[in-house]
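Notes for the one structure printed next.
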Amino acid sequence: MGRRSLASFAALAVVVVALFAQVPAAGQTAGSAAKASPAAKAWTPPRTADGKPDLQGIWTDNTLTPFERPKSLGSKEFYTDQEIADLTKRIHDARPGERIEGAELGAANPQEIRYDLEIYGFDRNKLRFQSKRTSLIVGPEGVIPPMLPQARQRNADRVAKNKGHEFDGAENRPLSERCIMMGQEQIPMVPAANEGNLLQIVQGPGYVTLLHEIDHSTRVIPTDGRPHVPPNIRLWQGDSVGHWEGNTLVVDTTNFTNLTAFRGSSENLHLVERFTRAADDTLMYQFTVEDPTTWAKPWTAEVPWAKTKGPVYEYACHEGNTMIATILHGARVAEEDAAKKGK
Amino acid sequence: MRNWLGDSVIAGVVAAGLMLAATHSAAQAPAYRAPRTADGKPNLNGIWQALNTADWDLQGHAAAKGPAPLLGAVFAVPPGLGVVEGDEIPYLPAAATKKKQNQANWTTLDPEVKCYLPGVPRATYLPYPFQIVQSPQNILISYEYAGAVRVINMGAPTKAPGDSWMGWSNGRWEGETLVVDVTSQLENTWFDRAGNFHSDALHVVERITPRSADTLNYEATIEDPKVFSRPWKISMPLYRRVEKNAKLLEYKCVEFAEEVLYGSLRKKSSN
Amino acid sequence: MTTKLTFVVAAMGLVLAAVPVRAHHAFAAEFDQAKPIKVQGSVTRWELTNPHSWIYVDVKDADKTVTWMIEGASPNNLYRLGLTKESLPIGSVITVEGYQAKDGSTRAVGRDIVFANGKKFFLGLMEAEGAPKQ
């Protein structure tokens, strides 16, 4: 199984989800989140019973907006309303399998081996842009900065060590296949283009809890301004500490393991996330990622989350993980067959 | 001569007896009133942990040799008084046999060995802390073990569309007590490492009551007509983790269970 | 002196990072493009446990019955379509097209699943339930 095909399938082969079901709440049409420009009327968010900005609810980040900006758009950071409408129509009218530049269809992209989405009620006409941005990554470049040579080398070394051993045992398989860290589980939270990976926020005194549906990923974040845990404690999802800045929850995360490797990064990854209730039905999520041993400079993305209908259901990945056993067994069967032919 | 000392003693004893009687009747009502959350409910927020050996065996048990001789006294079975009221678990006859088989083969059958989600009530008394985050609409409990989590719906009760490992929790307040009704659990979880088990008909009702500033009283009534002849009850205190900056860390145990689960599928003689 | 604990990547040789593995499923690692299947049979049960639902189909051969396990989407998606564990029409005849598991077992990913009347499986169940079409 080559790296390239794994990449293409990994990018496309998602658990078929709510391309169809996770339509944001009515009225959340393209651009309403982006309309909250500085000139717009300030909106006061509701407060929890103990007086903190209320971020609670069930949220979805489904959007057609691609993570990185298409090269052809250069430094264009925002579409006009007309451009969004035109692009949305092109996507709705497109033939199945037709790729449209500037839109991330995620699981709707063609794949040979996977479910026919129509049997799950997939309706292309439900797909929407949730902001007028041309990419989730903000700024004039709109793409992840180039990876430093040392990071390329580090990642290449890792792959090289596993070469020829990709199917030896569970520890040689990707974290997502092992149900240790699913791609969608990782922080920062990035839309996988129309996956129904709902986020539930529950706030108690001194804590904000994020329950991300996939693999029941739960982060209980203290907001008392405490320091991080000691540096020798490394965690798959790092260690998060939060504090309030006005109406914004700021979450600072460090202490990642060197295997977490978000987008090829190292244990030096430093993540700052900002959560602001921009409207009753909109949670603006902005994150800045830095790792001086991976990228030349930090980079920032902005993702609007829209209020949606719950509940969040249990997603127990490991308990039902027949896939990894089938894959390892399949490799053993293939080896036996090859050995028999060789005899 | 009148024994004034004796009379005083008798009076004292009578007075003490009256006081005891008064205290006893006062103990029928909750002796402790917890501080309130901003929305006026008993405050259960915090990091809590059970301090007993219920996860080894719900019933009373002496110390015993462990399953891993190489680990000697580090991993033998510690002794414990049971947490079952009456110390008896009322299995139906066929189920009692299955329990014995489970117990004899627990290292291969216990879902905890495989890092599977523990279900309710076992999640409460695993030897790891958990955190309660309480809001008016939802009470979320995050468990350190395996990242287990459940959200207790505090609004109008809702119905589960299907079964899950951690079940479906609807909660309500009864005075000082949080009452949680847990249904729709998969049959795959156990109550402990001693092979105590249930079917998909399991119905659990929990009652959580603050008993002091840093302790809760936890009770769970267990009902499963496919396995038990009547409902039965466990109870135990839960202790607050009071250290400064107490925090749940990750116990993402999947990687620790992979050898058990997939070791037989490993390539023979890998380089 | 603090000792920095780093996982020993070298010895374990993990594949990561170079490929951002976004999703749980590498379908092509589990199922075989060279082993397409098309079977027809009656539904006997389904398992609604994540990460995938499984539909059990009894397929009658000349002299024996083979049980195929057909992998479908996460049950959470089915719940959001309005389906529950009671929705499965036991005994219904369905036709499944898909790809067989690489280890040769009678498992397959269900690419297309239709009822005898041609209705697509999950949508058909929704209609049967009277669930509003999304």
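The values are calculated or read from the model by the stated rules, or taken from the named source; none is laboratory data. Only a predicted model underlies this, so the values are computations on that prediction, with no experimental measurement involved. For neighbour counting, all protein chains shown are included, and Cβ atoms are generated from backbone atoms with ideal geometry for every residue, glycine included.
Here are some residues: B:269, B:264, B:229. Which one is more than 14 Å from chain A (Cβ to nearest Cβ) and among the polar types (S, T, N, Q)?
Sole residue among the options that is more than 14 Å from chain A (Cβ to nearest Cβ) and among the polar types (S, T, N, Q): B:229.
Exactly one of these conditions fails for residue A:215: (1) modelled with pLDDT of 95 or more; (2) under 30 Å from residue B:160 (Cα atoms); (3) buried (at least 20 other Cβ atoms within 10 Å of the Cβ); (4) of a type in the set (Asp, Glu). Give me its number.
(1)
Which of (1) crowded, with 19+ Cβ neighbours inside 10 Å; (2) within 14 Å of another protein chain (Cβ to nearest Cβ); (3) touching a residue at least 12 places away in the same chain (Cβ under 8 Å); (4) of a type in the set (D, E, K, R) does residue A:273 not meet, given it meets every other one?
(2)
Please go through region B:217-238 and pick out each residue that is touching a residue at least 24 places away in the same chain (Cβ under 8 Å) and either of a type in the set (Val, Ile, Thr) or crowded, with 17+ Cβ neighbours inside 10 Å (or both).
Scanning region B:217-238 gives B:218, B:220, B:222, B:224, B:227, B:228, B:232, B:234, B:236, B:238.
For the condition over 30 Å from residue A:314 (Cα atoms), surrounded by fewer than 17 Cβ atoms within 10 Å (Cβ to Cβ) and touching a residue at least 40 places away in the same chain (Cβ under 8 Å), what is the one hit in B:72, B:86?
B:86 is the lone residue from the list that is over 30 Å from residue A:314 (Cα atoms), surrounded by fewer than 17 Cβ atoms within 10 Å (Cβ to Cβ) and touching a residue at least 40 places away in the same chain (Cβ under 8 Å).
Working carefully through the options A:339, A:278, find the one that is aliphatic (A, V, I, L, M) and either within 14 Å of another protein chain (Cβ to nearest Cβ) or not in a strand (DSSP E or B) (or both).
The unique qualifying residue is A:339.
Let me spell it out: the conditions are (1) in contact with an Asp or Glu (Cβ under 8 Å, 6 or more places away or on another chain); (2) modelled with pLDDT of 95 or more, and residue B:99 meets all of them except one. Which number is the exception?
(1)
Test residue C:127 against the stated conditions and say whether it is in contact with a strand residue (DSSP E or B) (Cβ under 6 Å, 6 or more places away or on another chain), without any contact (Cβ under 8 Å) to a residue 12 or more places away in the chain and not small (Gly, Ala, Ser).
So residue C:127 fails the test.
Which is surrounded by 13 or more Cβ atoms within 10 Å (Cβ to Cβ), part of a helix (DSSP H, G or I) and either polar (S, T, N, Q) or at pLDDT below 95 (or both), of A:88, A:65?
The conditions single out A:88.
Taking the options B:111, B:127, B:78, B:93, name whichever one is modelled with pLDDT of 95 or more and closer than 30 Å to residue A:58 by Cβ.
The conditions single out B:111.
Would you check if residue C:85 is surrounded by fewer than 20 Cβ atoms within 10 Å (Cβ to Cβ) and modelled with pLDDT under 85?
yes
Only residues that are free of Cβ contacts under 8 Å to residues at least 24 places away in the same chain and either crowded, with 18+ Cβ neighbours inside 10 Å or out of contact with any strand residue (DSSP E or B) (no Cβ under 6 Å at 6 or more places or on another chain) (or both): list them for region C:57-72, please.
C:60, C:61, C:62, C:63, C:64
Among strands (runs of 3 or more DSSP E) lying entirely in region C:37-134, which contain 1 or more residues that are of a type outside the set (Ser, Thr, Tyr) and in contact with a His (Cβ under 6 Å, 6 or more places away or on another chain)?
Where strands (runs of 3 or more DSSP E) fall fully within region C:37-134 and carry at least 1 residues being of a type outside the set (Ser, Thr, Tyr) and in contact with a His (Cβ under 6 Å, 6 or more places away or on another chain), they are C:65-72.
Which condition number does residue A:172 fail, the rest of (1) buried (at least 20 other Cβ atoms within 10 Å of the Cβ); (2) in contact (Cβ under 8 Å) with a residue 40 or more places away in the chain being met?
Just one mismatch for residue A:172, condition (2).
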